[in-house]
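Written below as structure tokens is the structure these notes are about.
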Amino acid sequence: MNTFEFFNQHFGKHLVEQQGKPHEAVARALIASHMLASGRRSRLSSGWAIVKPRMATMQLKLATPSINYDERTRTQAFLFELEHWIQTPTLFMVFDKKPLSVTDLFLTVDLRAVRICTPVGVQTFDYTQQSTELSPQYHRLLFRERCKNAS
């Protein structure tokens, strides 16, 4: 199963109809306007999502009961998943004003190559190693939070 099929099977199917090729459905899900729990419509323009087999969790509260909702910050949510890693394919996504592109979707399947998918590109790092000044932003944030929680 490729990343697009994974996205659609465990997340995208709750957001848009699965017509056409898998990457087309992913693109529609990422740029479409979705019904929020508040009754308004919005695209995925803030917050985060974590998609694992048979489970999608996100911060933005949509009017879709098939998705779990969580108010933690993205750093807190990502750190929890990485600290409780069970070696299952996982999508870590960050949403912002600029839509997340299908070209920036990658699965994390190993802690030595964590992929945080953001609208400005993918941040890849080895979670088992200490971050440095040259590490990607999310590696530094997660490492700092992990050290703070350990003390």
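The values are calculated or read from the model by the stated rules, or taken from the named source; none is laboratory data. Keep in mind that what you see is a predicted model, and the values were worked out from it rather than measured. Cβ: placed from backbone, ideal geometry, glycine included. Neighbour counts: every protein chain shown. Surface accessibility is based on the protein's heavy atoms, side chains included, excluding ligands, DNA and RNA. Shrake-Rupley method; radii C 1.70, N 1.55, O 1.52, S 1.80 Å.
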- [ ] Determine whether L36 is modelled with pLDDT of 95 or more and either open to solvent by 30 Å² or more (accessible area, probe 1.4 Å) or touching a Lys or Arg at 6+ places or on another chain (Cβ under 8 Å) (or both).
- [x] no
Open item on the list: Looking at I86, I31 in this structure, which one is out of contact with any helix residue (DSSP H, G or I) (no Cβ under 9 Å at 6 or more places or on another chain), in contact (Cβ under 8 Å) with a residue 60 or more places away in the chain and open to solvent by 30 Å² or more (accessible area, probe 1.4 Å)?
Closed with: I31
Open item on the list: Please pick out the residue among L111, L141, L91 that is at negative phi and touching a strand residue (DSSP E or B) at 6+ places or on another chain (Cβ under 7 Å).
Closed with: L91
Task: From the options S66, S151, S131, S45, residue that is among the hydroxyl-bearing types (S, T, Y), open to solvent by 30 Å² or more (accessible area, probe 1.4 Å) and touching a Leu at 6+ places or on another chain (Cβ under 9 Å) - done: S45
- [ ] Residues being in contact (Cβ under 8 Å) with a residue 24 or more places away in the chain, touching a helix residue (DSSP H, G or I) at 6+ places or on another chain (Cβ under 6 Å) and in a strand (DSSP E or B): count how many of those fall in region 118-145.
- [x] 0
